[in-house]
1. Compute the Cα gyration tensor for the range 70-171, then decide on rounded, prolate or oblate, letting a ≥ b ≥ c be the square roots of its eigenvalues: rounded whenever a/c is under 1.5, prolate when a/b is larger than b/c in the other cases, and oblate in all that remain.
2. Give, in whole angstrom and from largest to smallest, the semi-axes √(5λ) of the equivalent ellipsoid of the range 31-123, with λ running over the eigenvalues of the Cα gyration tensor.
3. Accessible area of His150, 1.4 Å probe, to the nearest 10 Å²?
4. Quick one: net charge around Ile39, please, counting Lys, Arg +1 and Asp, Glu -1 for every other residue with C-beta under 14 Å from its C-beta.
5. Please identify the trypsin sites (Lys or Arg not before Pro) of the range 68-136 that satisfy two criteria: DSSP loop assignment and at most 12 other Cβ atoms within 10 Å. Which are they?
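The values are calculated or read from the model by the stated rules, or taken from the named source; none is laboratory data. Note that this is a predicted model, so its numbers are computed, not measured. Cβ atoms come from the backbone with ideal geometry, glycine included; neighbour counts cover every protein chain shown. Just so you know, the surface numbers come from the protein's heavy atoms only, side chains and all, with ligands and any DNA or RNA stripped out. Shrake-Rupley method; radii C 1.70, N 1.55, O 1.52, S 1.80 Å.
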Amino acid sequence: MPLTLRRGILTDRAIKRAHRNGELTITPFEPALVRPAAISLRLGHEAFALESTGTVDIADRSTYPELRPKELDAEGRLCVEPGEVVLAPTLEKIGLSGKLAGLVDGTSDYARLGVSVVLCGQVSPGFGSENGAVLTLEIVNHLRHPVLLHPGARICNLMLFASTGSDQPYGTLPHNYSSDHTVAPSRLADHVGRN
């Protein structure tokens, strides 16, 4: 049964209904993560530090920072060094129908510890609609000391919005991230310049 909603932010009841109806897929789905007007997503179990060696030209992929895998410590924690930029996937794979759009944001709990958790923010209609996809988060430590993060812990919120649909779902756009099951490097050079 298709989702029938007014436009606007989905609240907890509407999020659960969208999940039951298949308009929203989240794997694994944990009902306790549904919040009043969002669903929390958890930190996945892998991470990559962005390491650059010189000027980055967005049109030249050969200048892009390297994705260096970060090992978890002996207690299974992810250490984010001061000033370090880390890319990490969500534990959950999500899929949005063409009638849903999302907005990802970090949480106040992490911000109060000097840790930014961001994405580009927008999750377009149709993202991950075929088999689900992870969201890649950018995590930055603004403190002078390392911060230890715990994979599997809540790290961001996904707000969902009912929409009228789009002519071209995100997954049909060239060079998209709609089937990523792990962190992928930037594909910006595919849009703006040479490879």
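1. On the way: a/c = 2.89, a/b = 2.10, b/c = 1.38.
Cα axes put the range 70-171 in the prolate bin.
2. On the way: eigenvalues 139, 76, 35 Å².
Over the Cα atoms of the range 31-123, the ellipsoid semi-axes are 26, 19, 13 Å.
3. Around 100 Å² of this residue is reachable by solvent.
4. The answer is +3.
5. On the way: sites: Lys70, Arg77, Lys93, Lys99, Arg112; in loops: Lys70, Arg77, Lys99, Arg112.
Sparse-neighbourhood loop trypsin sites (Lys or Arg not before Pro): Arg112.
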